[in-house]
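A short worksheet on the structure shown next.
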Amino acid sequence: MKTVLTIAGSDSIGGAGIQADIKAVSANGCYAMSVITSVTAQNTMGVDGIFDIPADFVEKQLRSVFNDIRPDAVKIGMLSSRDIIDTVAGFLEKENAENIALDTVMVSTSGHRLISEDSVDSLIEKLFPLADIVTPNLSEAEVLAGVPIESREQMKSAAEKIYGMCRGSVLIKGGHLTDSAEDILYNGNRFYSFEADKLENPNTHGTGCTLSSAIAANLALGRSMAESVKNAKDYITGAIRYGLDLGKGRGPLNHFYKNGGR
């Protein structure tokens with residue numbers, strides 16, 4: 001059994017964050033472990049509050065995991081403070097952690113900012129050089145690359161700019177494009193395109209968390225980066241297409257649609 005550690009915040013309704021990560025990793029055939037960085041009070045309509053776990057206790061959680069069951073891959077999600085970012089980066093670098101998928105969580109689906117502005121620089125400086133893949137959505141890619149993105153060519157240009165900040169691949173998620181749901185992967189040598197139908201389903205709570213966790217699980221299983229992204233893209237497309245409808249706002253996905261929804 002291959003293992004994946006998710007380092008992220010929790011989600012009260014279980015559609016995003018740690019809870020979504022555990023579901024996605026499990027659904028993709030790996031054993032999920034977790035280090036919680038923040039506790040959020042949120043639902044499908046928005047985020048009501050965030051409580052950060054002290055950085056020294058985040059490190060204690062990390063040490064407990066690595067001292068017992070060393071992960072085959074690591075997914076990093078919401079790290080809302082500079083102290084937590086620095087702590088996680090320092091620990092993973094010291095441990096030479098492998099197969100790191102970094103989801104550049106900055107803003108929730110409902111539009112709530114999940115990371116302080118002064119933490120963005122720390123994220124880029126400390127974690128990007130450790131990540132095997134970073135997975136910004138269009139809005140996050142615009143912030144990171146400093147350019148507007150409205151087309152496939154602009155996605156490619158932004159990917160090249162972001163690639164210069166990290167050691168691994170860059171996946172720009174195009175789910176918010178108006179005419180397609182194409183994702184672009186760049187590894188420094190070539191571009192890969194992953195297309196999917198533009199699904200008319202407003203329930204997309206936790207899509208970024210789910211995709212990056214599925215990528216991490218595939219990497220843990222020994223698959224190439226391109227194959228890992230393709231498998232994860234197919235998985236999340238199916239989870240959205242299932243059409244689960246829970247909550248009064250943007251509802252969650254069905255992470256276990258392959259098992260008949262259970």
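The values are calculated or read from the model by the stated rules, or taken from the named source; none is laboratory data. Remember, it's a predicted structure, so these values are computed and weren't measured experimentally. A quick note on method: Cβ atoms are made from the backbone with ideal geometry, for glycine too, and the neighbour counts reach across all protein chains shown. What goes into the accessible areas is simple: the full protein's heavy atoms, side chains included, and nothing from ligands, DNA or RNA. Shrake-Rupley method; radii C 1.70, N 1.55, O 1.52, S 1.80 Å.
Cβ-Cβ distance of residue 191 and residue 223, R₀ of 25 Å, FRET efficiency by 1/(1 + (r/R0)^6): the value works out to about 0.85.
For the options 126, 248, 230, a Gaussian network treatment of the chain with springs between C-alpha atoms closer than 10 Å singles out 248 as fluctuating the most.
Rounded to the nearest 5, what % of DSSP beta bridges with both residues in the chain are antiparallel? Could the numbers behind the result be given before it?
On the way: 14 of 34 bridges.
Restricted to the chain, the bridges split so that about 40 percent are antiparallel.
Charged neighbours of residue 89, selected by a Cβ distance under 9 Å, balance to -2 (K, R count +1; D, E count -1).
Projecting the Cα atoms of 43, 231, 20 onto the charge dipole of the chain (Cβ charges, centred on the Cα centre) puts 231 farthest toward the positive pole. Residues considered: 83, 245, 68. Largest GNM mean-square fluctuation over the chain, using C-alpha springs under 10 Å, is found at 68.
Rolling a 1.4 angstrom probe over the protein heavy atoms, how many square angstrom per residue are accessible across the chain?
Numbers: 11290 Å² over 262 residues.
Value for the chain: 43 Å² per residue.
Take the solvent-accessible surface of the protein heavy atoms, probe 1.4 Å, and return the percent of it on the chain that carbon and sulfur atoms account for. Summing carbon and sulfur atoms, their accessible area is 47 percent of the total for the chain.
Counting charges near residue 149 (Lys, Arg +1; Asp, Glu -1) among other residues having Cβ under 13 Å from its Cβ returns a value of -3.
Summary of the geometry: the stretch 187-204 and the stretch 16-59, compared by the centres of their Cα atoms, lie 24 Å apart.
With a cut-off of 8 Å between alpha carbons and a minimum separation of six or more residues, what is the relative contact order of the chain in percent?
Working: 570 pairs, mean separation 51.1, N = 262.
Here the relative contact order equals 19 percent.
Here residue 199 sits with roughly 50 square angstrom of accessible surface, probe radius 1.4 Å.
What value, in deg cm²/dmol to 500, does the helix sum -39500 (n - 2.57) over DSSP H runs of n ≥ 4 give at 222 nm once divided by the residues of the chain? Mind dumping the intermediate values first?
Working: 8 runs with 93 residues, N = 262.
One gets -11000 deg cm²/dmol as the mean residue ellipticity at 222 nm.
As a calculated quantity, the FRET efficiency between residue 98 and residue 45 at R0 = 30 Å, using C-beta atoms, amounts to about 0.20. Report the antiparallel proportion of the DSSP beta bridges in the stretch 121-196 as a percent, rounded to a multiple of 5. Rounded to the nearest five, the antiparallel share is 70 percent.
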